[in-house]
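Computed from the coordinates by the stated procedures, all read-outs in this text should not be read as laboratory data. Quantities reported herein were computed from a predicted structural model and do not represent experimental measurements. Every residue, glycine as well, gets a Cβ built from its backbone with ideal geometry; the counts of neighbours run over all protein chains shown.
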Amino acid sequence: MRLLIVEDEPKVARFIERGLREEHYAVDVAYDGEAGLDLALLHDYDLAILDVMLPRKDGFTVLQELRAAGRSCRVLMLTARDGVHDRVRGLDGGADDYLVKPFAFEELLARVRALLRRRADEPVVLCAADLELDLTSRKVTRAGKLLALSAKEFAVLEYLLRHQGAVISRTQLSEHVWDQHFDSMTNVIDVTLYHLRQKLDRDFPVPLIRTVRGAGYVLEAPEC
């Protein structure tokens, strides 16, 4: 999952960024509203953490322009204001949740997880054939065997499972699993896929991940 933080207080931004990276999210950071909006329109984020009081463009304006552009990524707004009016304004403007500063990181993380799970048709466990990926426990099993995946391998597999049957390009993977500083010219994605496939397919009769030459990768399997 790739997240965006738009926060003008460097200490707060670094605090949130560090905590989210430790939870294995890919994270980009902007320190003003215009830069944050530019990033949000350029990349396909799964969630944005958006402060209200920002230089150049405030959070309400960023949110309004983001929604006007048709972007549907989840938005968690942060503010030092605890007035009902501000919370209502943010929620009515298209925010998915609201958190008042100061806050405990554990609460922010819980809200992030809840927002990322908030899809009417999304199960807690993603599966394909005898493969199961548990989003809550972050455990992956195949035919009942526990697979030890790295954080990036887990993220790649989650993205492939969410798009079963579709050919996923290296660009799509870099957009959703790595952050803006990722060098797409390296072979990191190919190496990650190689190790993932070794763990996922090597000891099982039916391979699940297939390379589509010149296009990307596809996870194909009978529905579970």
- Task: Please report, to two decimal places, log10 I(q)/I(0) for the range 40-145 at q = 0.11, 0.12 Å⁻¹ as given by the Debye formula with identical point scatterers on the Cα atoms and no solvent.
- Result: -0.44, -0.51
- Item | Length gained when the stretch Val88-His24 is fully extended (0.36 nm per residue, less Cα-Cα span) | 19.9 nm
- By how many nm would the segment from Gln198 to Ala148 lengthen if fully extended, with 0.36 nm per residue of separation less the alpha-carbon distance? 16.9 nm
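Using a cut-off of 12 Å between beta-carbons, work out the net charge of the residues near Arg202 (Lys and Arg +1, Asp and Glu -1, Arg202 not included).
+2
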- Pull out the extension gain between Val12 and Leu109, defined as 0.36 nm times the separation in residues minus the alpha carbon to alpha carbon distance; nm, one decimal. 33.5 nm
- Query: Could you list log10 I(q)/I(0) for the chain at q = 0.09, 0.13, 0.16, 0.17 Å⁻¹, which the Debye formula gives when each Cα is one point scatterer?
  - Reply: -0.40, -0.79, -1.10, -1.20
- Mean separation of Cα pairs under 8 Å and 6+ residues apart, divided by the residue count of the chain: what relative contact order is that in percent? 17
